[in-house]
Amino acid sequence: MRYALLLLCACNPFKEGAVNGHVDGKGDVGTWTLESGTCYSGQREQYFGVIGYGPDGTGVAIKVVKDGVRGWTAIVNHADSCKTEVEKGGCRATIFAPNDCTTLDVDVKDTNTTVNDIRAVDATLRIDCSDDKSTVKGTLTFDRCH
């Protein structure tokens, strides 16, 4: 009698996307520094762009979206509202349009990796934006954002 040994691996060679760099937020967006965290492709929410999150529980997030008319736009969470208002349906955010920024350079590139029909992306962000109540400034790199 012969027996076959079947080994199953629940391995995923695709690593979680990562955001790294240094961006400072001040004002209504909160006072924080984003240096590392996770990231996701905008394709998950049907937009061209990427979102980076700070460490769990901080409420820090920066989303960059390419608008067909205005170009790149940055949506920055009010970090403190994400800690207290998430049960009420979400976080408040400040939207920075290109005219709110002295620098809003975004480069999003598709990778050769697709998982569950979502294309992973790499990106870079250089941002220096402000309005009457908030300032966001720095540089981030996004790697393998799925």
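The values are calculated or read from the model by the stated rules, or taken from the named source; none is laboratory data. All of these numbers come straight from a predicted model, not from anything done at the bench. For the accessible areas, the whole protein counts, side chains as well, though only heavy atoms, and no ligand, DNA or RNA atoms are used. Shrake-Rupley method; radii C 1.70, N 1.55, O 1.52, S 1.80 Å.
Ignoring ligands, DNA and RNA, please state the percent of accessible area on the chain from carbon and sulfur, probe 1.4 Å.
48 percent
Would you check the chain for Lys pairs whose C-alpha atoms are within less than 21 Å, ignoring same-chain pairs closer than 8 in sequence, and give me the count?
The result is 14.
Sequence-distant or interchain residues sharing an amide H contact under 5 Å with residue 72, placed H: which?
67
How much accessible area per residue does region 21-146 have, counting only protein heavy atoms and a probe of 1.4 Å, in square angstrom?
About 54 Å² of surface per residue is accessible.
Across 10 Å bins from the origin, how do the percents of Cα pairs in region 46-128 run, short distances first?
Once binned at 10 Å, the Cα pair distances of region 46-128 give 16, 42, 34, 8.
Rounded to the nearest Å, what's the spacing between the alpha carbon centres of region 24-63 and region 93-128? Just the number, please.
Using only Cα atoms to place each centre, the spacing works out to 11 Å.
I'd like to know how the chain sits against the 2.2 N^0.38 Å rule of thumb: what's its Cα Rg over that expected value?
The reported ratio for this selection is 1.23.
At 0.36 nm per residue, and after removing the present C-alpha to C-alpha distance, how many nm does the segment from residue 141 to residue 35 gain when stretched out fully?
37.2 nm
What is the chain's relative contact order, in percent, from Cα pairs under 8 angstrom and six or more apart in sequence?
25 percent.
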